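The values are calculated or read from the model by the stated rules, or taken from the named source; none is laboratory data. Fair warning: this is a prediction, and the values are worked out from it, not measured in the lab. All Cβ positions, even for glycine, are placed from backbone atoms using ideal geometry, and neighbour counts span all protein chains on display.
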Amino acid sequence: MVEDDDALRLALGILLEEFGFNARLCASAGEFLNVFNPCVHACLLLDLHMPEINGLELQKIMTEKGINVPTIILTGHGDVTLAVKTIKAGAREFIEKPFDEQILIDTINHVLAEDLPDTSYNHNLELLSNLTKRECEIGMQISEGKRNKQIATTLGISVRTVENHRANIMKKLQIQTTPQLIHLFLTANLSQ
């Protein structure tokens with residue numbers, strides 16, 4: 001969730017956890033971009049009116065970076081024109097504040113269920129959610145056919161660090177070979 005209003009962000013975090021969601025609370029678009037992990041099956045609750053980078057600008061940045069996470073827009077100043085802009089920018093839903101808690105929870109559940117590629121991949125998604133952000137980045141690059149040295153250069157880390165992450169990825173994903181890793185990432189639609 002990206003919401004600059006501290007009180008609302010904390011209240012929504014409590015609400016989401018009460019309904020069994022593991023909520024990551026971000027006060028700004030920049031904070032979200034720093035912590036986003038594409039290996040975690042999630043949706044984004046996004047406030048539109050924020051300082052520095054607003055919600056529409058964040059949607060544009062996400063598109064440019066290839067970040068594909070289903071987004072639910074939350075705004076206190078909504079109108080039809082704004083709703084159309086956010087939907088065209090990729091948002092799945094648009095909810096005006098103040099909103100009914102049950103409508104929000106139902107919307108989140110609907111968006112998350114709709115975003116699953118296929119129920120047969122639930123196990124794969126669960127395994128992938130155990131990866132750290134760095135492991136996910138490296139796994140995605142491996143699935144794109146990059147070698148350890150290329151990955152190390154791209155990420156500014158040593159080849160040995162890439163090898164260590166690769167070993168951790170294989171262990172966490174319970175797989176033995178690189179083709180299995182590539183298949184897992186491709187079937188979960190996580191590689192670019």
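Against the definition (over 24 Å from Glu135 (Cα atoms) and either in contact with a strand residue (DSSP E or B) (Cβ under 9 Å, 6 or more places away or on another chain) or crowded, with 18+ Cβ neighbours inside 10 Å (or both)), how does Leu44 come out, yes or no?
no
Counting only residues that are surrounded by fewer than 17 Cβ atoms within 10 Å (Cβ to Cβ) and in contact with a Lys or Arg (Cβ under 8 Å, 6 or more places away or on another chain), how many does the range 156-169 have? Qualifying residue count for the region: 1. For the range 96-146, a residue qualifies if it is of a type in the set (S, T, N, Q) and at pLDDT 80 or above, and the qualifying residues are Gln102, Thr107, Asn109, Ser129, Asn130, Thr132, Gln141, Ser143.
When each of Ile67, Ile53 is tested for being of a type in the set (Val, Ile, Thr), out of contact with any Phe, Trp or Tyr (no Cβ under 6 Å at 6 or more places or on another chain) and either at pLDDT 90 or above or assigned to a helix (DSSP H, G or I) (or both), the lone residue that passes is Ile53.
Within the range 131-170, the residues that satisfy the criterion of being more than 25 Å from Asn68 (Cβ to Cβ) and small (Gly, Ala, Ser) are Ala152, Ser158, Ala167. Under the condition of being under 12 Å from the mean Cα position of the chain (by Cα) and not in a strand (DSSP E or B), the residues counted in the range 20-50 number 14. Please work out if Gly66 is touching a residue at least 40 places away in the same chain (Cβ under 8 Å) and touching a Ser or Thr at 6+ places or on another chain (Cβ under 8 Å). No.
None of Thr75, Thr63 is polar (S, T, N, Q) and over 28 Å from Phe185 (Cα atoms) except Thr75. Residues that are of a type in the set (A, V, I, L, M, F, W, C) and surrounded by fewer than 16 Cβ atoms within 10 Å (Cβ to Cβ) within the range 1-21 comprise Ala7, Leu10, Ala11, Ile14, Leu15, Phe19, listed in sequence order.
The residues of the range 78-95 that are modelled with pLDDT of 75 or more, surrounded by fewer than 17 Cβ atoms within 10 Å (Cβ to Cβ) and assigned to a loop (DSSP other than H, G, I, E, B) amount to a single one, Gly90.
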